[in-house]
Amino acid sequence: MEYSPRYRLFPTTEQRESLDWTRDIVRQVYNHALHEFNQIPENEGTLRQRVWKVRDDLPNLKQYWTELNKVYSTVLQKAVERIRNNITNLGKLKSKGYDVGSLNWKGPREYRSFTYRQSGFELDKKSGPRDRA
């Protein structure tokens, strides 16, 4: 079983602006990746291979979109891989008889999270109001 710990944050105004900026960049990468993914014909590999093809193009994208260099690479990779997760989940709903559409472009209010999946950082559990992380 996989666990995904979630922590409630109480950021300062400066930290909130930084998180909002990161979320917006990640949203833009997701939208760009979705556009690129839709350009790849279905017969060019499995879903996983087509998503990885888009994900593997991130280093080239960073060369001309320099703001991406300020975001952890694994956060950007996870945003692209979110396409595969979303398509898989839509397929599961469709198999249960639900009427599902396709993935759409995400506006600023529709993309509300991003995922850090790498090691190398530690949460300070003693900071924050009333000993909350």
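Measuring nothing but protein heavy atoms, the accessible surface of the chain at 1.4 Å probe radius is 46 percent carbon and sulfur. The Kirkwood radius of the chain, taken over pairs of alpha-carbon atoms, gives through the Stokes-Einstein law at 20 °C and 1.002 mPa s a diffusion coefficient of 127 µm² s⁻¹. Couplings 3J(HN,Hα) for the stretch 45-60, derived from phi with the Karplus relation 6.51 cos²θ - 1.76 cosθ + 1.60 (θ = phi - 60°), are x, 6, 4, 4, 5, 5, 5, 5, 4, 5, 4, 6, 8, 4, x, 5 Hz, where x marks Gly and Pro. Note that the stretch 64-69 has calculated 3J(HN,Hα) couplings of 10, 10, 5, 4, 5, 5 Hz, one per residue in order, obtained from phi through the Karplus relation 6.51 cos²θ - 1.76 cosθ + 1.60 (θ = phi - 60°); glycine and proline are x. Taking 7 Å steps out from each Cα toward its Cβ at Y116 and E2 produces label points 1.9 nm apart.
For the stretch 1-65, the ratio of Cα radius of gyration to the globular rule of thumb 2.2 N^0.38 Å stands at 1.50. Remark: relative contact order (the chain) = 32 percent; criterion is Cα-Cα distance under 8 angstrom and separation of 6 or more residues. Among the listed pairs K53/K94; K70/K106; K53/K92; K62/K96, those whose Cα-Cα separation exceeds 30 Å are K62/K96. Probing with 1.4 Å while keeping every protein chain in the model, the per residue accessible area of the chain equals 78 Å². The charge dipole of the stretch 14-96, taken about its Cα centre with unit charges on the Cβ of Lys, Arg, Asp and Glu (plus for the first two, minus for the last two), comes to roughly 500 debye.
The values are calculated or read from the model by the stated rules, or taken from the named source; none is laboratory data. Remember, it's a predicted structure, so these values are computed and weren't measured experimentally. A quick note on method: Cβ atoms are made from the backbone with ideal geometry, for glycine too, and the neighbour counts reach across all protein chains shown. What goes into the accessible areas is simple: the full protein's heavy atoms, side chains included, and nothing from ligands, DNA or RNA. Shrake-Rupley method; radii C 1.70, N 1.55, O 1.52, S 1.80 Å.
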